[in-house]
C-alpha cells in the first residue's frame with residue numbers, strides 16, 4: 001500500500017467514525033434522562049439492573065411465544081436470518097470491552113470470553129454453533145432482506161465496544177444480553193424443536209437458555225456491583241448501555257412482528 005492509499009483510507013475512516021459517533025449520540029440522547037435515575041449504590045444498582053429482565057423495553061414480547069408455538073419453518077427461517085445477520089459476535093465484543101478494566105471485572109469478562117470460545121475446544125465455540133444452525137436451515141440461500149433494525153442492533157453493540165468513550169455503556173449492553181437472553185433462547189429452541197431441527201443444530205439456543213443464567217449472576221457479582229460500588233458515577237453509564245441494547249432489541253421485535261403479520265400483538 002502506498003502512502004497516498006493509507007491517507008485516503010484514514011480520511012474515509014475518520015468520516016465513517018464521525019457518522020457512527022453522531023448516530024450513537026443520537027441514540028443516547030433518548031436514553032440519558034432515564035439512565036440518570038439508576039441507583040449509585042452497588043447493591044441497589046444490581047437490583048435495578050436485574051429488574052430490567054421484567055420491566056425493560058422488549059421484555060415478554062409476544063414474538064417469542066409465537067415462535068415457540070406457531071411459526072412455520074419459513075417464518076422461523078426468516079426470523080433467524082435477521083438474527084444471524086444482526087449478530088455482532090459476543091465473544092469479540094467482550095474481548096474489546098475488557099481492555100483496561102479493573103482487575104475483578106476483567107477476570108470475569110475473561111471467564112465469560114473463555115466460555116464463548118468453548119474453553120479451548122472448537123466444538124464448544126458459540127459462534128460456530130450459530131453457523132451450524134444457519135447451515136442446516138440454509139439461511140444463506142435466502143434473499144438478502146435483513147431489516148435495518150437488525151443491522152442497527154449489531155452496529156450499536158460494535159460501536160459501543162470499539163469506541164473507548166463508551167466502555168461502560170458496552171459493559172451494560174453486554175450484561176443485559178446475559179440477563180435477558182435465556183428466556184428468549186428457550187422459546188426459540190422450543191420452536192426449533194417443534195419444527196424438527198436436530199439437537200446439534202439447536203445447540204446454540206439450547207446452551208444460551210441455561211448458561212447465560214450463570215453468566216448473568218456472575219456479571220452482577222463480579223462486574224456490575226463492584227464497578228458501581230467503587231465509583232457510583234459509572235451507574236448511569238452502565239444503565240445507558242443496558243437501555244440502549246433493550247430499546248434496539250424492542251425495535252427489532254416490533255419490526256419482526258410487522259413483517260411476520262401479527263403487529264397487532266404488543267409486548268406485555
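The values are calculated or read from the model by the stated rules, or taken from the named source; none is laboratory data. Predicted model only: the values in this text are computed from it and were never measured. Cβ sites come from the backbone with ideal geometry, for glycine too, and all protein chains shown count toward neighbours.
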Checking residue 14 against (1) under 20 Å from the mean Cα position of the chain (by Cα); (2) farther than 30 Å from residue 198 by Cβ, the condition it does not meet: (1)
Identify all residues within region 51-87 that are farther than 16 Å from residue 135 by Cα and out of contact with any helix residue (DSSP H, G or I) (no Cβ under 9 Å at 6 or more places or on another chain); write none if there are none. 51, 54, 55, 72
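With the condition kept exactly as written, say whether any residue in region 223-245 is part of a helix (DSSP H, G or I), within 21 Å of the chain's Cα centre (by Cα) and surrounded by fewer than 19 Cβ atoms within 10 Å (Cβ to Cβ).
Within region 223-245, the subset part of a helix (DSSP H, G or I) is 223-230, 232-245.
So of that shortlist, the ones also within 21 Å of the chain's Cα centre (by Cα) come out as 223-225, 227, 234-245.
If we keep only those that are surrounded by fewer than 19 Cβ atoms within 10 Å (Cβ to Cβ) too, we end up with none.
No, there is no match, as no residue in region 223-245 is part of a helix (DSSP H, G or I), within 21 Å of the chain's Cα centre (by Cα) and surrounded by fewer than 19 Cβ atoms within 10 Å (Cβ to Cβ).
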For residue 206, all conditions in the list (1) under 16 Å from the mean Cα position of the chain (by Cα); (2) closer than 15 Å to residue 80 by Cβ; (3) surrounded by fewer than 24 Cβ atoms within 10 Å (Cβ to Cβ) hold save one; what is the number of the exception? (1)
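Counting residues that are more than 15 Å from residue 241 (Cβ to Cβ) and touching a strand residue (DSSP E or B) at 6+ places or on another chain (Cβ under 9 Å), which helices (runs of 4 or more DSSP H) fully inside region 87-181 reach at least 3?
Of the helices (runs of 4 or more DSSP H) lying wholly inside region 87-181, none has at least 3 residues that are more than 15 Å from residue 241 (Cβ to Cβ) and touching a strand residue (DSSP E or B) at 6+ places or on another chain (Cβ under 9 Å).
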Could you check, for region 255-262, whether at least one of its residues is farther than 25 Å from residue 107 by Cα, outside any helix (DSSP H, G or I), modelled with pLDDT under 95 and out of contact with any strand residue (DSSP E or B) (no Cβ under 7 Å at 6 or more places or on another chain)? yes
Please determine whether any residue of region 54-72 is surrounded by fewer than 12 Cβ atoms within 10 Å (Cβ to Cβ), under 18 Å from the mean Cα position of the chain (by Cα) and closer than 23 Å to residue 251 by Cβ. yes
Selection from region 31-45 of residues in a helix (DSSP H, G or I), touching a residue at least 40 places away in the same chain (Cβ under 8 Å) and more than 19 Å from the chain's Cα centre (by Cα) yields 32, 34, 42, 43, 45
